[in-house]
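One structure below.
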Amino acid sequence: MAKHTVKVGISGKYGTRYGSSLSSASELKSASTLAIPDSAFCGTNTVRRVSFGIWKCHGQGCTKILSGAYMLATPAAATATSTLRRPRDIASTQVGRA
Ligand SMILES: [Zn+2]
């Protein structure tokens, strides 16, 4: 049997169909849904994707998380979190000084 290069990963199930850019996009989605992310609220890795942007944590104390469509932690979410944290830190330091 002839050797061939394999770099398609999980999207290899689609064969040569649908194009390489869609294959890589599909791989990204599949990889992120297969990898179980850690819950930022209870620390367990029991978060599963329910539907578009809705994640459910089966750990104790938390149920549903709204986040990225196919990824629990998105770069945009990280940016928003750090932007929100900044004024809060400033406010807390001002309260501390008063
Ligand atoms: Zn949780």
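Laboratory data are not the source of any read-out in this text; all were calculated from the coordinates shown. This is a predicted model, so every value here is computed, not measured. Every residue, glycine as well, gets a Cβ built from its backbone with ideal geometry; the counts of neighbours run over all protein chains shown.
What to note about this one:
- Placing pseudo-labels 7 Å out from each Cα toward the beta carbon at Val50 and Tyr18 gives an inter-label distance of 2.6 nm.
- Length gained on full extension, Arg86 to Ala73: 2.8 nm, using 0.36 nm per residue less the C-alpha separation.
- Cα-centre dipole for the range 37-98 with unit charges at Cβ (Lys and Arg positive, Asp and Glu negative), debye to 20: 100 debye
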